[in-house]
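A.B. asks: Have a look at this one before I ask anything.
The values are calculated or read from the model by the stated rules, or taken from the named source; none is laboratory data. The structure presented is a predicted model; accordingly, all values stated were derived computationally and were not measured. Counting neighbours? That spans all protein chains shown, and the Cβs are built from the backbone with ideal geometry, glycine included. Protein only, heavy atoms only, side chains kept; ligands, DNA and RNA dropped before computing areas. Shrake-Rupley method; radii C 1.70, N 1.55, O 1.52, S 1.80 Å.
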Amino acid sequence: EYKYLKSRLEEDPDVSLVSVVRRANPGRVAAGSAADLITPERLDKFDVVILGDMEGNYLTESEYRAITRWVDQGHALLVLGGYRSFGATGFRGTPLADILPVTFTDREPYQSEEQFVLQVTPDGLRHPMFEMSGDRVKDANLWSSAPALLGAGLVSQAKPAADILAVDPAALVNGKPLPVVVVQRYGAGHTLVLGVDTTWRWSRLTRVMGQSDTLFARFWSQTIRWLSGRTRTEERPLLTLSTD
């Protein structure tokens, strides 16, 4: 996911992207040290934080506290699914578990391996993240024909105050489709869980077939804009260009 998402966001003229790749054997030190990557001072410069597939102990306790306070103050956190982030040593054992809109499962399996086509819920079709044409019927048809995703992280449930925007209809949790895209307010901010890390297929497979990757590009651009409190139709100052 990282390669495609990084490229998409770097191409977006309204996004200033800062990305850090998780390295093997990072040698992280004790919480609260000068080596913390995420600090309150650094977070003040950002609108949205995306955490990919990584072990829960990769960040320190002080970094988790900084993220929690930052979201509570009116910012947005997006957590992507994966074998590590949704696994036994993932985010469910960290302070993020309290602010995210899902309850992580506490037993194996932690991942559904079956391919599925994302099913957008009625709430999702009304949400800016999934709006493609302005016509909900057309949008529903568009999403139902999207390339399949390669499995999803399992959760035990969405929290009561959360909104389920999309599900995996083939994977059932307590007799209901598995929540895959779930959002929730936390304080003045938002948290979003996207239980997959293969939305790149909306780009790569369409390009292989000679089609535009509009679905991938629009979804991610609109998701980042919504999380940051902006909209696709937000008015912008006019630009006038003239020669001398």
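A.B. asks: All but one of (1) under 24 Å from Ala171 (Cα atoms); (2) crowded, with 20+ Cβ neighbours inside 10 Å; (3) of a type outside the set (Lys, Arg) hold for Ala88; state the number of the condition that does not hold.
C.D. replies: Result: Ala88 passes all but (2).
A.B. asks: State whether one or more residues within the stretch 119-137 are over 18 Å from Gln184 (Cβ atoms), modelled with pLDDT of 90 or more and among the aromatic types (Phe, Trp, Tyr).
C.D. replies: no
A.B. asks: Only one of these conditions is not met by Arg92: (1) touching a strand residue (DSSP E or B) at 6+ places or on another chain (Cβ under 7 Å); (2) in contact (Cβ under 8 Å) with a residue 40 or more places away in the chain. Which number is it?
C.D. replies: Among (1) touching a strand residue (DSSP E or B) at 6+ places or on another chain (Cβ under 7 Å); (2) in contact (Cβ under 8 Å) with a residue 40 or more places away in the chain, the lone unmet condition for Arg92 is (2).
A.B. asks: Take the conditions basic (Lys, Arg) and either in a helix (DSSP H, G or I) or buried (at least 22 other Cβ atoms within 10 Å of the Cβ) (or both) and apply them to Arg65. Does it pass?
C.D. replies: yes
A.B. asks: From Thr199, Thr191, grab the single residue that is open to solvent by less than 60 Å² (accessible area, probe 1.4 Å), part of a strand (DSSP E or B), of a type outside the set (A, V, I, L, M, F, W, C) and under 15 Å from Gly81 (Cα atoms).
C.D. replies: Thr191
A.B. asks: Working only within the stretch 159-177, note down all residues that are within 15 Å of Phe104 (Cβ to Cβ) and under 15 Å from the mean Cα position of the chain (by Cα).
C.D. replies: Ala162 - this is the single residue of the stretch 159-177 that is within 15 Å of Phe104 (Cβ to Cβ) and under 15 Å from the mean Cα position of the chain (by Cα).
A.B. asks: Run Ala170 past the list (1) touching a helix residue (DSSP H, G or I) at 6+ places or on another chain (Cβ under 7 Å); (2) surrounded by 14 or more Cβ atoms within 10 Å (Cβ to Cβ); (3) modelled with pLDDT under 95; (4) of a type outside the set (Phe, Trp, Tyr) and report the number of the one that doesn't hold.
C.D. replies: (1)
A.B. asks: Return a yes/no flag: does the stretch 176-185 have any residue that is more than 21 Å from Asp14 (Cα to Cα) and at pLDDT below 95.
C.D. replies: Looking for residues that are more than 21 Å from Asp14 (Cα to Cα) and at pLDDT below 95, one finds at least one in the stretch 176-185, hence yes.
Rundown of residues vs (1) closer than 23 Å to Phe216 by Cβ; (2) at pLDDT below 95, yes/no style:
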residue: Val21; (1), (2): yes, yes
residue: Arg28; (1), (2): no, yes
residue: Val48; (1), (2): yes, no
residue: Val79; (1), (2): yes, no
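A.B. asks: Name the single residue that is farthest from Ala140 (Cα to Cα) among those in the stretch 91-117 being aliphatic (A, V, I, L, M) and open to solvent by 10 Å² or more (accessible area, probe 1.4 Å).
C.D. replies: First, pick out the residues of the stretch 91-117 that are aliphatic (A, V, I, L, M): 96-97, 99-100, 102, 117.
Of the ones still in play, those that are also open to solvent by 10 Å² or more (accessible area, probe 1.4 Å) are 97, 117.
Working: Ala97: 31, Val117: 12 Å.
My answer is Ala97.
A.B. asks: Shifting gears a bit: Residues Gly52, Gly32, Gly74: which one is surrounded by fewer than 20 Cβ atoms within 10 Å (Cβ to Cβ), modelled with pLDDT under 90 and either touching a Gly at 6+ places or on another chain (Cβ under 8 Å) or over 28 Å from Leu178 (Cβ atoms) (or both)?
C.D. replies: Gly32
A.B. asks: I'd like to check something: does the stretch 149-160 contain any residue that is open to solvent by less than 20 Å² (accessible area, probe 1.4 Å) and within 15 Å of Gly124 (Cα to Cα)?
C.D. replies: no
A.B. asks: Could you please let me know if Gln73 is out of contact with any Phe, Trp or Tyr (no Cβ under 8 Å at 6 or more places or on another chain) and in contact (Cβ under 8 Å) with a residue 60 or more places away in the chain?
C.D. replies: Considered against the rule, which asks whether it is out of contact with any Phe, Trp or Tyr (no Cβ under 8 Å at 6 or more places or on another chain) and in contact (Cβ under 8 Å) with a residue 60 or more places away in the chain, Gln73 comes out as yes.
A.B. asks: Further question: Enumerate the strands (runs of 3 or more DSSP E) found wholly within the stretch 98-184, keeping only those where 3 or more residues are without any contact (Cβ under 8 Å) to a residue 60 or more places away in the chain and closer than 25 Å to Arg204 by Cβ.
C.D. replies: 111-116, 149-153, 163-173
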